[in-house]
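Take a look at the structure below.
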Amino acid sequence: MNRHLKCFSGALLALVVLTIGALSSAGPASAKNEYAQIEGSGSTWSQVILQQWISDVNPLGMQVTYNGSGSSQGRKDFANNVTDFGISEIPFQGTDPVTHQADTSNGRAYAYLPIVAGGTAFTYQLKVGGKLVRNLRLSGETLAKIFTLKITNWNDAAITADNNGHALPSLPITPVVRSDGSGTTAQFTRYLDTMYPSIWRPYNGQAGLTSQYPRKGREIAASGSDQVMNTIDGAAGNGTIGYVEYSYPLNAHYPVVKVENAAGYFVEPTQYNVAVALTQAQINQDQNSPDYLTQVLNGVYTYKDSRTYPLSSYSYMIIPTGAKDQRMTTAKRQTIADFLYYSLCQGQSKAGPYGYSPLPLNLVQAGFSQISKLKTADSAVDLTNRSVTSCNNPTFVAGHLSENHLAQVAPKPAACDKAGAGPCGFATGTGVPSTNTNQPTGSTTGTSAGTGTANTGTPGTPGAAPPGGSIDPATGVASGTGAVAGQAVTATPIELSASRTGDTSVFGWVAALELVGLVLIPGLYVAAMRRRSATGDST
Amino acid sequence: MTTLPREHLDAVEAVPRVLASTNTGSDRVFAYVARSTGATVLVITGGIGVFLAVQSVPTLKHYGLHFFTQTQWQPDADKLGIAAVLVGTLEVAMVAMAIAFPLALATALFISEYAPAKLRSTLISLVDLMAAVPSIIYGLWGFFLVEPHASEMALFLQRHFGFLPFFHIGADPNAAVWDRSRYTASAFCAGIAVAMMVLPMSCAVMRQVFSQTPDGEKEAALALGSTRWGMIRTVVIPFGRGGIIGGTMLGLGRALGETIAVLLIISPEFLIKPRILEIGTNTVSALIAGQFGEATGIQLSALLTAGFVLFIITLIVNTLAAIVVNRSRSGAGTDA
């Protein structure tokens, strides 16, 4: 006990020394630049990573507060001069597609810049023989038809074809959508509207994306990404599928759908798959367009790189660029600039572990060109040594921008993930992409002992659970067995005709009679005996 | 019949003494403070009502009375109405009261009549503690713990009482694998969570009225050979009838306005549906909470109008409850 205490206090001392060291080294920088507290609000989609960045920059003297009140509220707050920055998945809409109401910045000068990237993931609960299917593959068209109620059963031929002939049991599909207005819905419906207008528009009743999913038929609507995830992994979740940001299934240890990209590969939205896709994101540079400076993702949806996750997108930070902005001071602009410098560079290396994706070079460059507008507005803002060339982003090497670093770090998908091959047995929802080297083989499966830790999936690590064997997060017991490995779990759906109404009513009556008998017979018997003995006495 | 001695009647006619009632300064200050505090409550409540009423003018101008008959809530199609959500609100409240009323009545009777004196104060504070639990906790409790069992209960009810229209569910109860998702996120599931929230309030009112039952009457009933239950049936319950009705209505007022627990559990649906066990319903307060963040313009005004309607309904229910409770305290219930 005492030794532990000493150990602990030693560690504490070391921590204090380290902190002081870090503070003193950061000292000169913060002395040079004066900071002021900045306030922002908006997207819940990017809130998790943003809170992490805020606590990261706090020791550097930057005070940032953020309120995750939703994208629309974030835009509204910015327009009303309530906040210093806003974060939103969709830009100011001009006229909102749903409410027909003006959604503008009220004349406040602003710029959009990319801040967090991520994949819209499709998580599902589908049990075959009591085991979760973890390697489901679907094409974009199948997904569009599922969420517009054109495909209503898991044994649909289109789903079977996506999984290379492996049929799923006959079970109605229950799509889970958001009941509140959300940026995630906007991201997904933008994809549907761009790629499958002939399926989406008749369902929605009009063209364009919407923040409020039009729930119909069998669909369940839940409020917030958390509740969508809870509905899917809940007791009544078998057969459900819903769209959430990738970090939610990652935290819930739930599988996600591998979505087919233009190269014919089915990929999961792990960090580098999204980053590769977003290298094709374009920014609208047409100053006359109402969508000026917003993302054009058509290239992302159709990028022919085999590592692309098609439903990749990013959220915007809205920063004030007006020279006479009523809330801005030099200190505030400097805080925004330095906070963004940290977020776009070093902070992006934290994106992957949190279920997001780092922004690739093209978007970071676009971001820096927007940050420079802060200096245009106020020449006192110091931007020296804050540029792409000194940026520590995981998708490129700061000194060598021409080198395609992302191509080296992003792994190629496994051969069995190609359409017409496989399907791979590799379980999704672990944050690790499925590659040729980490496919489970027959020899390693079944020997796995639950290690109790999340599956890190490092290929070839001795003693690590094979990726195919999923580990129950609650008990640490490996639940996946040989069934998952190599082959997808498949089953022949059989509907048993046991327990029909006729049976239950007959057995119900019998049970009721027995109960009545059980209660009455002993009493009647005793009464009869007593009567007999009474008559016996009298005679 | 007792008779009074005669000579007293011949005495000088009784003249009431004149009381000097000049208020001292501190009395006046106290009166002003008390009066203004009381007035503040009225001003705040009235202010809320006036604010909501003003905000709902554009909606009522635009949609007119169709706002009350339209079931759909589709801002893009310019169709906004609260017929479905009002019915949903009543359904959830009714389910909640159906569960909470017997529980509250039994709990109140147990605490005031049966519980050992030592245990009584503990039980009272436990029930009061239930009122202090935040409603999001009840929502999570309802979603994670109750809903799986409630869906099984719903299946049971459908199987055996499915001939009743409100227990009907659009799914085969005898399927080999029952379609579980159809039995969740219903008015029934939300009602259970809401019942737990209204129970402490109803119970407290009932218990207070029961505890005011005159001991003399209770003892009289016992002296006449009544059992304890007979005494309760003939004395306590008739005396506390006002409290029972009032407590139930106060609970109903709370059930109508319950928000976050309902929002967590239900899957919003804009249909007038009598099927309380089937997935999908919506209430006014859950609608407001769910849509407020993204609403602008006419939709925002429509949400506030829905809030106004709820405000009026709750005000009426609570006022009626207060009147009933106040009347019962005078002991008027004894002659019933």
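The values are calculated or read from the model by the stated rules, or taken from the named source; none is laboratory data. No experiment lies behind these values; they were computed from the predicted model shown. Note that we place each Cβ from the backbone using ideal geometry, even for glycine, and neighbour counts take in every protein chain shown. Protein only, heavy atoms only, side chains kept; ligands, DNA and RNA dropped before computing areas. Shrake-Rupley method; radii C 1.70, N 1.55, O 1.52, S 1.80 Å.
With just the Cα atoms defining each centre, how far is region A:118-148 from region A:293-334? Give it in Å.
If we compute the Cα centre of each part, the gap is 29 Å.
Which of the lysines could be linked to A:K324 by a straight reach, that is with a Cα gap under 22 Å, when you skip same-chain ones fewer than 8 residues away?
Counting by Cα, and skipping residues close in sequence, A:K324 has these lysines nearby: A:K76, A:K332, A:K373, A:K375.
Most fluctuating residue of B:G81, B:G293, B:G191 in a GNM of chain B with Cα springs under 10 Å: which is it?
With Cα springs under 10 Å in chain B, the top fluctuation among B:G81, B:G293, B:G191 is at B:G293.
Give me the extension gain from B:A77 to B:L126: residue separation times 0.36 nm, minus the current Cα-Cα distance, reported in nm with one decimal.
Separation in residues times 0.36 nm, less the Cα-Cα distance, equals 12.7 nm.
Apply the a/c threshold of 1.5 to the C-alpha gyration tensor of region B:52-144 and tell me whether it is rounded, prolate or oblate.
It comes out prolate by the Cα gyration axes.
Distance in nm between label sites at B:V12 and A:A36, each 7 Å beyond Cα in the beta-carbon direction?
So the two model labels end up 8.5 nm from each other.
Please find, in a Gaussian network model of chain B (springs between Cα atoms separated by less than 10 Å), the residue of B:G290, B:G246, B:G139 whose mean-square fluctuation is greatest.
B:G290
Please work out how much length the chain gains when fully extended from B:T319 to B:A106, using 0.36 nm per residue of separation minus the C-alpha to C-alpha distance, in nm with one decimal.
74.2 nm
Specify whether the C-alpha gyration tensor of region B:264-328 places it in the rounded, prolate or oblate class, a ≥ b ≥ c being the square roots of the eigenvalues: rounded for a/c under 1.5, otherwise prolate if a/b is larger than b/c and oblate if not.
Oblate, since a/c reaches 1.5 and b/c is not below a/b.
From the square roots a ≥ b ≥ c of the eigenvalues of the alpha-carbon gyration tensor of chain B, which class results: rounded (a/c under 1.5), prolate (a/b over b/c), or oblate?
Judged from the Cα gyration tensor, chain B comes out oblate (a/c at least 1.5, b/c at or above a/b).
Taking R0 as 56 Å, what's the FRET efficiency between A:A398 and B:T69 from their Cβ-Cβ distance, rounded to 0.05?
About 0.30, to the nearest 0.05.
Using a 1.4 angstrom probe with every protein chain in place, what is the largest-first accessible-area order of B:V309, B:V33, B:V85, B:V43?
Descending accessible area places them as B:V43, B:V33, B:V309, B:V85.
Using a 1.4 Å probe on the protein heavy atoms only, what accessible surface does A:Y525 show? Give it in Å² to the nearest 10.
140 Å²
What average number of partner chain Cβ atoms lie no more than 10 Å from the Cβ of the residues making up A:212-225?
For this peptide, the per-residue mean of nearby foreign Cβ atoms is 5.
Checking an interface number: how much accessible area is buried between B and A, summed over both chains, with a 1.4 Å probe, in Å² rounded to 100?
Buried: approximately 2600 Å² between A and B.
So how far apart, in nm, are the two label points at A:N155 and B:N23 if each is 7 Å from Cα heading toward Cβ?
Taking the two extended label points, one gets 8.3 nm.
Compute the distance in nm between two label points, each set 7 Å from the Cα along the Cα-to-Cβ direction, one at A:V516 and one at B:A31.
7.4 nm
Taking the Cα centre of region B:98-255 as the origin and placing charges on Cβ (Lys, Arg +1; Asp, Glu -1), which of B:A187, B:V198, B:G242 is farthest toward the positive end of the dipole?
B:G242
Tabulate in residue order the Karplus-calculated ³J(HN,Hα) for region A:143-153, using 6.51 cos²θ - 1.76 cosθ + 1.60 with θ = phi - 60°, rounded to whole Hz; enter x for Gly and Pro.
4, 4, 6, 5, 7, 10, 6, 7, 10, 10, 9
Under a 1.4 angstrom probe, counting protein chains only, how are B:H149, B:H160 ranked by accessible area, largest first?
In descending accessible area the options line up as B:H149, B:H160.
If you average the sequence gap of Cα pairs under 8 Å that are 6 or more apart and divide by the length of chain B, what percent do you get for the contact order?
Contact order relative to length: 25 percent.
Please list, in chain and number order, the residues 5+ apart from A:V177 or on another chain whose amide H is under 5 Å from its amide H, with Hs placed from the backbone.
A:I220, A:A221, A:A222
GNM on chain B, C-alpha springs below 10 Å: top fluctuator among B:Y32, B:Y183, B:Y114?
B:Y32
Could you name the lysines whose alpha carbon sits less than 28 Å from that of B:K218, not counting residues in the same chain fewer than 8 places away?
List returned: B:K118.
Treating the angle as unsigned and between 0 and 90°, give the value, to the nearest 10°, between the Cα long axis of helix B:147-161 and the longest Cα principal axis of chain B.
Long axis of B:147-161 versus the principal axis of chain B: about 90 degrees.
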